Amino acid sequence: MLLWCVALGAILRTAAGPTAGRVAAAVVATVALMVTHLLSVLVLAVMVPVALGLRVAVRGRTAWRPCGLAALGLAGGIGVALAGWWLLPVIAHRDLRGPVATWAVPPFGSRLAELARGELLFERWTVVAIVLGALVVAGRSARSGGHGMDLVLLPIAYLLLAHVVHWAFGPTDLTVQLPNRGLGYAGILATFPLALLLGDLSRRLRGPTGLAVATAAAVGIVLLPVGLLARPARQLPEPIPAMRQAAGELARVVPDGARFAMARDFPAEIVVLGIREPARWMAWASGRDALNVFNPEASPAAGASFTADGPAEGEEADRWVERLARLGVTHVVVHEPNLRADLVDAPNARLVWVREPLTIFRVEVPEGTPPSSLLDVRDPAAIATLERLGPEHLRIELSLPAPATTSVAISWSPKWRARIDGDPVRLRPTSDGLLGVDLPGGEHHLELRYGPDRWDRAGVGLSAVTVGALGGVWAWRRSRRRATSRRGKEV
């Protein structure tokens with residue numbers, strides 16, 4: 001959030017009057033956003049023209065200069081080049097992203113009503129203070145020729161534009177993000193008129209007194225309603241004892257390199273188990289990998305992560321267990337009574353541990369290699385053993401009676417390289433986004449390594465050249481200033 005505000009302010013100031021410091025601030029803040037939270041850059045890309053348009057409408061020609069827009073173009077080019085080591089692979093490998101994880105966009109009126117009632121972003125009394133601050137600034141602006149009105153209008157103008165774009169183009173990867181992910185930034189901007197008033201109060205009172213009064217007012221407006229009306233942020237409570245006991249059991253029974261899955265029953269699981277995101281907590285407490293993930297956007301094999309949450313609608317429990325085995329799952333944790341009853345009757349799931357309300361089942365695949373190998377070879381005579389040599393380096397020892405076309409339960413990426421007995425082999429994506437590979441019969445070892453590809457190297461090269469060019473320009477300008485200073489002293 002801080003980087004985003006710095007980037008927005010530096011861009012607007014650069015447009016009004018470019019200086020080396022403003023351009024540098026815009027470049028540094030935007031590059032930092034690119035490599036840490038790309039969605040924030042998308043929101044910024046929409047917010048900037050809205051803010052510039054309002055500033056021009058309110059302040060006239062002083063809001064921008066042709067040289068300022070040229071400087072912004074130069075800053076944008078430098079920023080993209082500096083972030084090339086990250087941005088170029090992201091653009092080149094768009095096929096590696098998973099589905100967009102977000103929520104439905106409500107109608108614009110419903111969104112405003114939620115904000116006004118204090119159901120989103122702020123408590124109700126904070127909303128009242130923000131609205132009063134905006135009205136005061138709007139009144140002052142009307143008397144003083146418009147200064148400050150753009151701050152009042154900016155958040156509502158952005159939200160209106162984001163909802164119009166969503167309505168006009170329908171739900172796409174971008175249009176659902178702008179009104180939802182951009183909502184927090186619009187909320188922060190909505191506090192700016194109030195901050196402007198507090199800043200004026202501090203300047204009028206001057207000195208430590210003014211600063212103390214303005215700070216106390218800000219704390220009272222924002223934090224006091226939160227303290228009175230809502231529970232403060234704190235460490236999550238310890239879940240029910242059975243969760244800790246199940247984590248200890250998983251640490252004991254899940255083999256190295258294997259995974260467990262925890263069936264979900266959201267939101268009832270929060271009340272039953274006493275914690276949000278129980279699968280993530282269980283992975284942390286047990287020290288074992290979980291198939292469940294929080295962010296399917298980051299993986300083209302997003303279907304695998306959703307598989308861990310439970311059977312698909314109408315799917316039999318034994319079929320679900322088969323899919324889990326293909327994904328390297330050796331044990332399943334269940335707390336929902338109906339699913340537990342179905343797994344008790346499933347031929348490929350064996351109950352091994354119970355502490356109400358949790359049950360752990362072992363995945364049993366009578367035909368094929370153990371799931372802990374991460375390899376999907378369905379041959380009773382096949383043997384596969386996984387050895388982890390590092391976070392991005394795996395080796396699987398194989399003994400296959402015949403050649404096989406199989407998959408490794410790892411999300412596909414062109415950055416994975418495979419060798420069989422030291423000779424390179426081709427990897428391909430499977431239909432569900434895993435690593436597909438053809439294996440010869442006999443005893444072999446399959447080695448997998450993850451490393452940079454040509455797009456990573458090109459991006460690093462672009463960033464390095466840009467850094468070198470900027471360093472050269474800085475050294476040249478410094479040498480010119482020194483030479484000018486020497487000539488001035490000689491004269």
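A few remarks follow.
- Nearest-ten-degree value, helix 317-326 long axis tilted from longest Cα axis of the chain: 80 degrees
- Taking the longest Cα principal axis of the chain as reference, the axis of helix 454-490 is set at about 30 degrees.
- Model label points for residue 167 and residue 392, set 7 angstrom from Cα along the Cα-to-Cβ axis, are 4.7 nm apart.
- In this Cβ point-charge picture (+1 for Lys and Arg, -1 for Asp and Glu), region 241-363 has a dipole of about 480 debye about its Cα centre.
- Spin-label pair residue 486/residue 138, simplified geometry with 7 Å Cα→Cβ offset, distance in nm: 6.2 nm
- Radius 12 Å from Cβ of residue 393, net charge of other residues (Lys, Arg +1; Asp, Glu -1): +2
- Classification of region 41-193 by its C-alpha gyration tensor yields an oblate form. The axis ratio a/c (a ≥ b ≥ c) is 1.5 or more, and b/c is at least a/b.
- Percent of Cα pairs exceeding the 17 Å cut-off, where the set is region 372-450: 37 percent
- Length gained when the stretch residue 91-residue 104 is fully extended (0.36 nm per residue, less Cα-Cα span): 2.1 nm
- Three principal axis lengths of region 1-98 [C-alpha, angstrom, descending]: 45, 25, 22
- Between the listed residues 278, 25, 156, the Cα displaced farthest toward the positive end of the dipole of the chain, a dipole computed from Cβ unit charges relative to the Cα centre, is found at 25.
- Between helix 192-205 and the chain: long-axis angle, C-alpha atoms, 0 to 90°, nearest 10: 50 degrees
- Taking the chain and dividing mean pair separation by its residue count, relative contact order in percent (alpha carbons under 8 Å, at least six apart): 12 percent
- Sum of side-chain charges, residue 460 neighbourhood, beta-carbon under 13 Å (Lys, Arg +1; Asp, Glu -1): 0
- Relative contact order, percent, region 403-473 [alpha-carbon distance under 8 Å, six or more residues apart]: 34 percent
- Loop chymotrypsin sites (Phe, Trp or Tyr not before Pro), region 259-314, which have at most 15 other Cβ atoms in a 10 Å radius of their Cβ (DSSP): 294
- By DSSP, the beta bridges lying fully in the chain are antiparallel in about 90 percent of cases.
- Residue among 101, 393, 358 farthest towards the positive dipole end of the chain, charges placed on Cβ: 101
- GluC sites (Glu not before Pro) lying in DSSP loop within region 391-491, provided at most 16 other Cβ fall within 10 Å: 392
- Built amide H within the under 5 Å cut-off of residue 410, gap 5+: 435
- Those GluC sites (Glu not before Pro) in region 247-350 that DSSP places in a loop and that have at most 14 other beta carbons within 10 Å: 313, 315, 316
- Each principal axis of region 241-363 carries a Cα extent, and these read 34, 34, 31 Å when sorted largest first.
- For residue 475 and residue 20, a Förster radius of 22 Å and the Cβ-Cβ distance give a FRET efficiency of 0.90, rounded to the nearest 0.05.
- Cα-projected label distance for residue 444 with residue 352, points at 7 Å along beta-carbon direction, nm: 3.0 nm
- For region 372-450, the dipole from Cβ point charges (+1 on Lys and Arg, -1 on Asp and Glu) about the Cα centre works out to 300 debye, to the nearest 20.
- Distance distribution note for region 360-491: the fraction of Cα pairs above 27 angstrom is 44%.
- Size of electric dipole in region 1-98: Cβ of Lys, Arg +1 and of Asp, Glu -1, about Cα centre, debye, nearest 20: 360 debye
- Percent breakdown of C-alpha pair distances by 20 Å bin, ordered from the shortest bin, for the chain: 17, 40, 32, 10, 1
Any read-out appearing in this document is the output of simple, stated calculations on the displayed coordinates, not a laboratory observation. The structure displayed is predicted, hence computed values, not measured ones. Here Cβ is always computed from backbone atoms with ideal geometry, including for glycine, and neighbour counts include all displayed protein chains.
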